[in-house]
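Structure first, then comments.
The values are calculated or read from the model by the stated rules, or taken from the named source; none is laboratory data. None of these values were measured; they are calculated from a predicted model. No Cβ is skipped: glycine too gets one built from the backbone with ideal geometry, and neighbour counts run over all protein chains shown.
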Amino acid sequence: MENSLKVAPSYHLTKAQFQELIGAAVQAAKKNPDPHGPGELLGFPVIPSYADTIANVAHVLSGVNYAASGSGILEVNGYILGRVIPFGKQIDNFKNTVNQLGNHMQTKDLGNYLAKALVFVVIGSNDYILNYLLPVLFKSSLIYDPQQYADLLIQHYKGHVLELHRLGLRKFSLTEIPPVGCIPIEMTTHVATPPGECDSSNNLVQMFNIRFKSLVYNLNSENPGSIFTLGAAYQIYNDIRDNADSYGKN
């Protein structure tokens, strides 16, 4: 199967709101924002959702969006929101995509295709928002101290990324967890927290992020020929908050 794209295909394994948040931040500084976000400006076609690609392999050539609201690194996350698709299941869906492509490509061509693909992984905040920080519904904060929980998440995250690597992907954009302390759900579920004092939840996230930076470094050193880049979401979100005027907000 011929792929005439001028840009590499991209595969998104994320929580669903990531694209909207990043697009809003980038477009906020523009007087006439592009409704399709920065991806189109970079030459990327619109990425279809996984559900839209099941019946037509042609739809997967530009990439696939596997994102799901409420999803997390751990499978237990988000069940209070109904049916969700955790990181591991998103990878299972990606395997189905690879099988689709394999039915129309020679093995060598498929390997080259996947090696050129861009993989965006943005996940983890729900493992705190919809799990560790909800002790009424989840026991994780009773079983694990903050350091142990961060270690658990990193262990599972690494396993999932290495599974994607085993499937043939080589170019990864891995994004850390942004601040979660002052988002609406946290302010609602922790009403005793004074406005502006969100450090407690954010400190938990930073325990993960410190380990995450080391993970990305180690993935690069242990997998020569592959690229793992770090998305500094925590710093970016804080910069948007602290310098709102620079982004067209006041």
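Values as computed for the structure displayed
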{"read-out": "Extreme residue, modelled with the lowest pLDDT, among residues of region 48-104 that are within 16 Å of VAL121 (Cα to Cα) and among the polar types (S, T, N, Q)", "value": "SER69"}
{"read-out": "Members of region 197-225 that are of a type in the set (Lys, Arg) and within 16 Å of the chain's Cα centre (by Cα)", "value": "LYS213"}
{"read-out": "Members of region 53-69 that are within 18 Å of the chain's Cα centre (by Cα) and either surrounded by 20 or more Cβ atoms within 10 Å (Cβ to Cβ) or not in a loop (DSSP other than H, G, I, E, B) (or both)", "value": "GLY63, VAL64, ASN65, TYR66, ALA67, ALA68"}
{"read-out": "Contacts under 6 angstrom Cβ, first residue in region 101-112 being closer than 16 Å to ALA58 by Cα, partner at pLDDT below 90 and surrounded by 15 or more Cβ atoms within 10 Å (Cβ to Cβ), 6 or more apart", "value": "HIS104/VAL57"}
{"read-out": "Selection count where residues are of a type in the set (D, E, K, R), in contact (Cβ under 8 Å) with a residue 40 or more places away in the chain and surrounded by fewer than 18 Cβ atoms within 10 Å (Cβ to Cβ), scope region 113-161", "value": "3"}
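The rows are residues; the columns are (1) modelled with pLDDT of 95 or more; (2) in a helix (DSSP H, G or I); (3) within 19 Å of GLN206 (Cα to Cα).
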{"site": "LEU130", "(1), (2), (3)": "no, yes, yes"}
{"site": "VAL136", "(1), (2), (3)": "no, no, no"}
{"site": "GLN147", "(1), (2), (3)": "yes, yes, yes"}
{"site": "LEU153", "(1), (2), (3)": "yes, yes, yes"}
{"site": "HIS156", "(1), (2), (3)": "yes, yes, yes"}
{"site": "VAL161", "(1), (2), (3)": "yes, yes, no"}
